[in-house]
Amino acid sequence: MKYDKAKSPSGQAAQQAETIVAENTLSTAFNLETFQDRYDRIREQTPAIRAFYHQPKFERRRRLIAWRTKLVKTKIVVEKKRQHPQKTLIQAIGHAGTGTGTRIKGHLRLGGKWHRQFTRQHSIALITNEARTSMVCPYCRERIIHPRKLTMGKRKLNLGTSCCANPNCACYKECKNSFGRDTLSATCIALRAYGQLTKDPIF
C-alpha cells in the first residue's frame with residue numbers, strides 16, 4: 001500500500017488529501033466559523049481518499065486478512081480441544097478483562113470477546129471471578145511477595161515472579177515457592193472455577 005500511495009496517481013492524490021486533513025484538524029478550531037471552514041475542507045478530500053483505499057485489490061486484501069484472522073483464532077481454540085479428545089473441556093476465563101489493548105509485550109494475548117465466542121462453539125466457557133488470583137498463593141491462600149532484582153546497579157521489584165513467604169506453606173517447605181505471574185493467576189483461576197462447579201469455594 002505504501003508503494004501504491006507513493007507511485008500511483010490516485011495514491012499521490014490521497015496522500016495530498018491526507019495532508020490537508022491533518023492540517024485542518026477540528027480539535028484546534030477556536031470558533032464556529034473556523035470549525036465550519038475546516039469541516040468543509042475535510043469533506044472535500046473524501047472522494048480522493050475513498051477512491052484510493054476502496055480499490056478492488058485493497059478490498060480483496062482486507063477480506064483475505066479477515067478470513068485468515070478468523071481461521072487462526074478458531075485454530076487456537078480447536079487445538080486446545082484436540083488435546084482432550086475423550087473429555088469435556090472447560091475453559092475458565094476471568095471476568096475482569098481479556099487483555100484487550102494491553103501494553104505488555106512478549107506474551108500471547110487472547111483478548112477481546114472473540115475468545116469467549118469461539119470457546120463456546122467448541123467447549124464450555126466458564127466465566128470466573130479473578131479477584132486477587134494474582135496476589136495469593138494457591139496452596140496456603142496467603143499474600144505473595146515479589147522478589148527484588150539488581151538492574152543497572154539499582155534494586156527493583158521483579159513483577160514477573162511471585163513468591164510465597166509463609167513458612168507453614170507446603171510449597172515453602174519443599175522450596176518450590178516461586179511462581180510465574182501468569183502461571184500463578186491461571187492456577188488460582190482454575191481452582192476458583194473448580195469451586196464454582198462443585199459449589200465448594202476453595203478461596
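The values are calculated or read from the model by the stated rules, or taken from the named source; none is laboratory data. It should be emphasised that the depicted structure is a prediction, and the values quoted were computed from it without experimental measurement. Because the Cβ atoms are built from the backbone with ideal geometry, glycine has one as well, and the counts that use them run over all protein chains shown.
Assorted remarks:
- Close pairs (9 angstrom Cβ cut-off, 6 or more residues apart or separate chains): of a type in the set (F, W, Y) in segment 20-36, part of a loop (DSSP other than H, G, I, E, B) and surrounded by 10 or more Cβ atoms within 10 Å (Cβ to Cβ) anywhere: F35/A29
- Residues of segment 96-115 that are at pLDDT 65 or above, under 24 Å from G195 (Cα atoms) and buried (at least 16 other Cβ atoms within 10 Å of the Cβ): H115 alone.
- Scanning segment 185-203 for residues that are of a type in the set (A, V, I, L, M) and touching a Pro at 6+ places or on another chain (Cβ under 7 Å) yields a total of 1.
- Among the residues examined, F52 does not qualify as of a type in the set (A, V, I, L, M, F, W, C), part of a helix (DSSP H, G or I) and touching a Leu at 6+ places or on another chain (Cβ under 7 Å).
- Filtering segment 156-175 to residues that are free of Cβ contacts under 8 Å to residues at least 24 places away in the same chain and under 30 Å from the mean Cα position of the chain (by Cα) leaves K156, L157, N158, L159, G160, T161, C163.
- Where a residue in segment 176-203 is within 12 Å of I144 (Cβ to Cβ) and its partner, wherever it lies, is among the hydrophobic types (A, V, I, L, M, F, W, C), with Cβ under 7 Å and at least six apart: N177/C163; N177/C164; N177/C169; N177/C171; S178/C163; R181/L159; C188/V136
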